[in-house]
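K.L.:
Just dropping this structure here.
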Amino acid sequence: MNSEKLALLLTREMPYGKYKGRVIADLPGHYLGWFAREGFPSGELGGLIALMYELDHNDLRSLLDPLRKAIRPA
């Protein structure tokens with residue numbers, strides 16, 4: 001896991017579906033779980049959703065907090 005991939009979770013938006021336009025880091029856990037059961041999309045998007053699923057599933061969303069503050073300063 002590298003910081004560039006983590007930063008992409010905070011900037012890449014979901015391109016379709018119910019959560020279209022929401023950054024991947026803000027997708028709800030049940031939606032990430034659905035992808036884990038049904039299959040992740042191919043390519044970079046699928047890799048980022050899979051990474052976010054692992055962070056959510058292992059209760060590690062807080063790892064994104066320092067990056068979130070750096071990307072979107074208050």
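K.L.:
Show which aspartates and glutamates lie in cross-link reach of K18 when reach means a straight Cα distance below 20 angstrom and same-chain residues fewer than eight apart are skipped.
P.N.:
D26, E38, E44, D56
K.L.:
Taking Cα atoms, how many degrees apart are the long axis of helix 29-38 and the longest axis of the chain, rounded to 10 and kept between 0 and 90?
P.N.:
Compared with the principal axis, the helix lies near 40 degrees.
K.L.:
Same structure again: Scan the chain and report its longest stretch carrying no chymotrypsin sites (Phe, Trp or Tyr not before Pro) that are both in a DSSP loop and have at most 15 other Cβ atoms within 10 Å.
P.N.:
By the stated rule (loop sites, at most 15 other Cβ atoms within 10 Å), 20-74.
K.L.:
If you split all Cα-Cα distances of the chain into 5 Å bins from zero, what percentages do you get per bin, shortest first?
P.N.:
3, 16, 30, 28, 16, 5, 1, 0
K.L.:
In the chain, with Lys and Arg counted as +1 and Asp and Glu as -1 at Cβ, which of these residues, L8, I71, P28, has the Cα nearest the positive end of the dipole, that is, farthest along it?
P.N.:
Positive-most Cα among the choices belongs to I71.
Values quoted throughout were computed directly from the atomic coordinates according to the rules given, and no laboratory measurement underlies them. Values in this document were obtained by computation on a predicted structure and should not be read as measured data. As a convention, Cβ positions derive from the backbone with ideal geometry for all residues, glycine included, and neighbour counts pool all protein chains shown.
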